[in-house]
Amino acid sequence: MAPTIMMRPTKKDWQRQSQSESEDDDMVGKKDLLPLVMSQVGQHFVPLVITMVGLPARGKTILAYKIQQYLNWTNHKAKVFSVSSYRRKHIELYSSHDLFRKENSEAAEIRQLSAQEAQDDATKWLQDGGDVAILDGTHITQARRQTVYDHFAKVMGYKVLFIECVCDDEMLIELNVKEVMQFSKDYRNMSSEKALDDFHHKIEHYMEQHEPMKPKSEGYSYIKYLNAGESLTVCRLNSPMQSEVLAFVSNFKPLAKTFYFSRHGESENNVLGRIGGDAELSVRGRTYAAALARYFNNENRLEGLRVWTSELKRTHQTAQGIKAPIEPVPYLNELYAGVCEGLSYEEMQCKFPQEFAWRDQDKLQYRYPWGESYIDIMTRLKPVLLELEGDMDNLLIISHQAVLRCLLGYFLNKKHEELPYINVPLHTIIKLTLSGYKCKMEVIKLNIECVDTYRMQPKNCSVNRSTDDALLTVPAHFENLSLWNHAPIVQL
């Protein structure tokens, strides 16, 4: 079944199927793949500098790193430059809040130097091809903000966006303070009581020097992020990239949350080693569906659990016994294999050997004729990611191997080229616990036998390789659905 939302294939996509096996075909395949990602890059003309502003414990660092994560996912080169990290290079062992007193001129020079070093490194990184530099610091005075603006906007000609994190909710501030106590390197060698007292004094020192932003009179591009996204104020955004940042910031809620991911139960096509399709669950797949329902329906079941599935039958059948609202989401449909839907790897090698080789050469960018690529999957998952970065919690997503690879890769900060080879086995629950910009993964294997669908990248990816080389890493599968009458085979 084709996904609801997908890129329209072109005649050139179709013509990429096997036609010859000359030595030049390897290069032809790679050249044809290049246009597939052109729509993902080059969407702005000059680099952007995002400058975080605000008192300590207002959520600046969490927001900065989450913006970096999202922009990198969407194929922009983004990097956080933390002023505190530069300060620690000059003062290796933090001793007390006296470092932040207004009258401590020696420490003020060190902080000023640290801010300048972060600015210089950000400049060099953008000159070397970066797209978005994120300055993570307090930038609490108008003079400091003007220095940043003058350098990046007037001298370098870059766009500058200030994001001011403001919080007047005492409960939120205390939660943010606890996050700092847990993750800040400054307090690793302090008792919790001393660290908490020291940090509150640090906040007081910054409040004495704090000059809130006045966006209307200062003339900057500006987003005010109030109380962890409770409300936003926006002024003078003037580039597509700034609008893309706004789209993320307006959805992001820095809450602790838990997500569960599972592939559908073993399908009949999994048993037969076939790609895609809209197959029913196998006998063992239905057994997994029952076990999954027992896992989530027990007396300690999660409060407010919701379930998202794709539109395909095998995910619906996997979810049907779970006592929670179930919603089909078309963005979660499996990667559509076009003319290769329903084929086994052996059949694909036989009918389209050149396509099979191109797929192995660059599985991330390869698009099946009349089908999709991993890049296409990443693009259609953007609305899902924005939902997950909001106030969503206790959500179970039942989807497919390629889709879950992309979702897990986002939260685990995997490189794009790693995504097609993340192992997401059948009959397994993957639990992600998010706290701030940290992510903890737990793998829960339900003891239901199934085939292994994981295929490693073969060493020989040439279009002129032998059939044996092409099928060397094809996982074991069955010849038919009589599981107990036939042993699994591997085509070598």
Rounded to a whole %, the carbon-and-sulfur portion of the accessible area of the range 349-492 at a 1.4 Å probe is 50
Accessible area per residue for the chain in Å², computed with a 1.4 Å probe and the full protein assembly in place, what is it?
46
Note: residue 433 to residue 45 extended length (0.36 nm per residue) minus current alpha-carbon separation gives 136.0 nm
Pull out the extension gain between residue 347 and residue 128, defined as 0.36 nm times the separation in residues minus the alpha carbon to alpha carbon distance; nm, one decimal.
74.3 nm
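Below 8 Å between Cα atoms, with a sequence gap of 6+, how large is the relative contact order for the range 222-279 in percent?
Relative contact order here is 23 percent.
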Value at 222 nm in deg cm²/dmol, rounded to 500, when DSSP H runs of n ≥ 4 in the chain each add -39,500 (n - 2.57)
-11000 deg cm²/dmol
SASA check, residue 250, accessible area w/ 1.4 Å probe, all protein chains in place, rounded to nearest 10 Å², comes out at 50
Test of understanding: what is the full-extension gain from residue 110 to residue 174, defined as 0.36 nm times their sequence separation minus their Cα-Cα distance?
20.2 nm
FRET efficiency for residue 120 and residue 95, using Cβ-Cβ distance with R0 set to 35 Å, rounded to 0.05
0.85
Label points 7 Å out from Cα along the Cβ direction at residue 457 and residue 323: separation in nm?
4.7
For residue 211 and residue 102, extending 7 Å from Cα along the Cα-Cβ vector and measuring point to point gives, in nm, a value of 1.2
Assuming R0 = 35 Å, what is the FRET efficiency of residue 79 and residue 300, from their Cβ-Cβ distance, to the nearest 0.05?
0.25
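Run through the range 149-222 and list the trypsin sites (Lys or Arg not before Pro) located in a DSSP loop whose Cβ has at most 16 other Cβ atoms within 10 Å.
Filter output for the range 149-222: 188.
Sorted by mean Cβ packing within 10 Å, highest first, what order do the peptides 133-145, 413-425, 219-231 take?
Answer by packing, highest mean first, reads 133-145, 219-231, 413-425.
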Hey, can you rank 234-240, 465-471 by average C-beta count inside 10 Å, highest first?
465-471, 234-240
Ranked from the most accessible area to the least, with a 1.4 Å probe and all protein chains present, what is the order of 326, 430?
326, 430
Rounded to the nearest 0.05, what FRET efficiency do residue 143 and residue 291 have when you use their Cβ-Cβ distance and R0 = 60 Å?
0.45
Pairs over 18 Å Cα to Cα, from 216/253; 363/438; 323/438; 66/415; 89/415, come to 216/253; 363/438; 323/438; 89/415
Chymotrypsin sites (Phe, Trp or Tyr not before Pro) within the range 76-162: which are DSSP loop residues with at most 14 other Cβ atoms inside 10 Å?
none
Could you sort 105, 96 by their accessible area in this structure, using a 1.4 Å probe and putting the largest first?
105, 96
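By DSSP, what percent of the beta bridges with both residues in the chain are antiparallel, rounded to the nearest 5?
So the antiparallel bridges amount to about 40 percent of the total.
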If I model a spin label at residue 150 and residue 226 as a point 7 Å from the Cα along the Cα→Cβ vector, what separation in nanometres do I get?
3.2
Place a point 7 Å from the Cα of residue 441 along the Cα-to-Cβ direction; which residues of the range 392-417 have their backbone N under 15 Å from it?
401-417
How much accessible area does residue 90 have with a 1.4 Å probe, in Å² rounded to the nearest 10?
80
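On a 1.4 Å probe surface of the protein chains, which of 284, 306 comes out largest in accessible area, and what is the full order?
So, going from the largest accessible area down, we get 306, 284.
The values are calculated or read from the model by the stated rules, or taken from the named source; none is laboratory data. Treat the numbers as computed from the prediction; the structure is a model and nothing was measured. Heads up, the Cβs are rebuilt from the backbone with ideal geometry, glycines too, and the neighbour counts pull from every protein chain shown. For the accessible areas, the whole protein counts, side chains as well, though only heavy atoms, and no ligand, DNA or RNA atoms are used. Shrake-Rupley method; radii C 1.70, N 1.55, O 1.52, S 1.80 Å.
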